[in-house]
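First the structure, in the form of structure tokens, and then the observations on it.
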Amino acid sequence: MGPRKAALVALASASFFMSYFSRLAWSIASAYSDLRPTVYQNGVVFALFFAGYVAVQIPAGVLSDKIGPARVASAALLGLAGASALSGLAPDMEVEYAASLAMGLAAGWIYPATVKLLSSEFRGGELPVAMGYYSLAWPLSVVLSGLALPAVSISLGWRWDYYIIAAASAALALAYVPLRVSAVVGAGQARRPSLGNGVAVVSAAGFLFFAAYWTVTLYAYKYFLDIGLNDYYAGLAYSMTALLGIPATVAAGYVIRRLGVKRTLVAFEGIYGALVAALAAGPATVFPVAAAMGFVRFVITPANSTAVSKIGGESAGSAAGTANLFWQLSGAVAPPIASAIVATIGFKALWIFAGALSAASAAIYQALLDVE
């Protein structure tokens, strides 16, 4: 991988990082917020972010195919900066709701654009390796949110979580200005992928898997506090759910090349479901289970991205947008359901339910045709 391609991977990954880090912020900042949100209000904040995120997925993919991903990603990051600043300034929950929706509407353009950026530059066996390095953004965002956001919230106040996100997003948007991405193959003639092909399988399976994953990501920190961990250990345990994802995403490209996309997804999503259910065992096994979850989860991320890139071909942006619409729709559906489960029968039932969703996802992936 030459310097230019490495720079493109780094830029795409940093953009993906901001889109994900911004959605995680409320899961931790809400515990320190002077707005004193209830568990149901937290569910509304999460759901609004994902509702906005979902709404722009197909337009983001189609536009990335037509006008180029760099323009789309840069504009999205500027929008994310403004929405994050509004979230930090919110005087009440009503404004926080509006800011969360705006953040989702902005962040939603980034994944289809960055997948298109990489699929335009990498081919064959290079693609899953590039997707592995790109996907480092995901575990890094979880690790850093668990380590940094509690510290920032305690020392500077929860609003500074959002001010920092706003400043970083704006700076990153400027990094696209000098970028000259090679012409997009087939730009202006991109076809929308039919849901009759592999996109349908990836979308359906991904909906269930991501419903499980968002449940863990958005509620694990509060669960760790609920079972008696202090702020520091709760943050550490939360970070452990992604820490081993850092080496996993680097190794994932080589795992996918060896096993194939389909076998990787079936095996690792089944294992992830079992690990999520194991969280119900309580504090004695939290750290080893969380660590194993991090490794397994972040082999799945580049496998998903590789699958939609290969299925979409020249219309990879549209394929990614279509599949990601269903993946992120789960993020609008899962939080209210998870809140209801926690409020009525508790966290342990939540983890068993989420584990079953991931296991069902693995079964659906059996219908995926080979995309190697």
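Net charge in the neighbourhood of residue 342 (other residues with Cβ under 15 Å of its Cβ; Lys, Arg +1, Asp, Glu -1) is +1.
Taking the highest mean first, how do the peptides 333-344, 96-107 order by number of other beta carbon atoms within 10 angstrom per residue?
Numbers: 333-344: 18.5, 96-107: 24.0.
Ranking the peptides 333-344, 96-107 by packing returns 96-107, 333-344.
Once neighbouring chains are kept in place and the probe is 1.4 Å, which whole percent of the accessible area of the stretch 306-352 is contributed by carbon and sulfur? Whole-percent figure for carbon plus sulfur exposure: 71.
Of the trypsin sites (Lys or Arg not before Pro) in the stretch 114-160, which ones lie in a loop per DSSP and count no more than 16 other C-beta atoms within 10 Å? List each step's numbers first, then the result.
Working: sites: 116, 123, 159; in loops: 123.
The qualifying sites are 123.
Residues 109, 160, sorted by accessible area with the largest first, give 160, 109 [1.4 Å probe; ligands and nucleic acids excluded]. The residues of the chain present an accessible area of 35 Å² per residue when probed at 1.4 Å with all protein chains retained.
Take each of the peptides 349-355, 222-228, average the number of other beta-carbon atoms within 10 Å over its residues, and list them starting from the highest. Kindly include the intermediate steps, with their values, before the conclusion.
Working: 349-355: 21.0, 222-228: 17.3.
The densest-packed peptide leads the list: 349-355, 222-228.
The GNM of the chain, with springs linking C-alpha atoms under 10 angstrom apart, assigns the highest mean-square fluctuation among 139, 59, 283 to 283. 3J(HN,Hα) along the stretch 133-142, derived from phi through the Karplus expression 6.51 cos²θ - 1.76 cosθ + 1.60 where θ = phi - 60°, amounts to 5, 4, 6, 3, 4, 5, x, 4, 5, 5 Hz, with x in place of Gly and Pro.
From the residues 270, 18, 307, which one has its Cα farthest along the dipole of the chain in the positive direction, the dipole being from +1 and -1 charges on Cβ of Lys/Arg and Asp/Glu about the Cα centre? The listed residue farthest towards the positive side: 307. Estimated from helical segments only, the mean residue ellipticity of the chain at 222 nm is -27000 deg cm²/dmol, where each DSSP H run of four or more residues counts as -39500 (n - 2.57). Name the residue from 38, 50, 113 whose Cα lies farthest towards the positive end of the charge dipole of the stretch 1-178, charges +1 on Cβ of Lys and Arg and -1 on Cβ of Asp and Glu. Comparing the listed Cα positions along the dipole, 113 ranks first. Can you give the local net charge around residue 96? Use residues other than it whose beta-carbon is closer than 13 angstrom to its beta-carbon, Lys and Arg +1, Asp and Glu -1. The answer is -2. The 3J(HN,Hα) values that the Karplus relation (6.51, -1.76, 1.60; θ = phi - 60°) gives for the stretch 61-66 are, in residue order, x, 5, 5, 4, 5, 8 Hz. Gly and Pro appear as x. Each of 352, 145, 243 was placed along the dipole of the chain (beta-carbon charges, centred on the mean Cα), and the one lying farthest toward the positive end is 243. Surface composition of the stretch 1-142: carbon plus sulfur atoms contribute 69% of the solvent-accessible area (1.4 Å probe, protein chains only, all chains present). Shown in residue order for the stretch 270-279 are the 3J(HN,Hα) couplings computed by the Karplus curve 6.51 cos²θ - 1.76 cosθ + 1.60 at θ = phi - 60°: x, 5, 4, x, 5, 5, 4, 4, 5, 4 Hz (x for Gly and Pro).
With charges only on Cβ, +1 for K and R and -1 for D and E, what is the dipole size of the stretch 61-170 about its Cα centre, in debye, rounded to 20? Could you put the intermediate results ahead of the total?
Working: 5 positive and 7 negative charges, 65 e Å.
In total the dipole reaches around 320 debye.
Each of 65, 231 has its accessible area taken with a 1.4 Å probe; listed largest first, they run 231, 65. Take the Cα of residue 95, step 7 Å toward its Cβ, do the same at residue 274, and the gap between the two points is 5.0 nm. Using only side-chain charges placed at the Cβ, +1 for Lys and Arg and -1 for Asp and Glu, the dipole size of the stretch 234-372 relative to its Cα centre rounds to 180 debye.
Return the subset of 5/66; 116/262; 116/348 for which the Cα-Cα distance in this structure is over 29 Å, preserving the input order.
On the way: 5/66 21 Å; 116/262 21 Å; 116/348 39 Å.
Pairs exceeding 29 Å: 116/348.
The value of relative contact order for the chain, using C-alpha pairs under 8 Å at least six residues apart, is 27 percent. Peptide packing for 29-35, 73-79 was compared via the average number of neighbouring C-beta atoms within 10 Å per residue; ordered from the highest value, the list is 73-79, 29-35.
Placing dummy labels 7 Å off each Cα toward the beta-carbon, the span from residue 349 to residue 287 is 3.1 nm.
Calculated from the structure, log10 I(q)/I(0) by the Debye sum over Cα atoms at q = 0.12, 0.15 Å⁻¹ equals which of (1) -0.95, -1.55; (2) -0.97, -1.36; (3) -0.82, -1.33? It is the value labelled (3).
Its Cα centre serving as origin, the chain has a Cβ charge dipole (Lys and Arg +1, Asp and Glu -1) of approximately 840 debye.
The values are calculated or read from the model by the stated rules, or taken from the named source; none is laboratory data. All of these numbers come straight from a predicted model, not from anything done at the bench. Glycine gets a Cβ as well: all are built from the backbone with ideal geometry, and neighbour counts include every protein chain shown. Note: accessible area is taken over every heavy atom of the protein model, side chains too, but ligands, DNA and RNA are not part of it. Shrake-Rupley method; radii C 1.70, N 1.55, O 1.52, S 1.80 Å.
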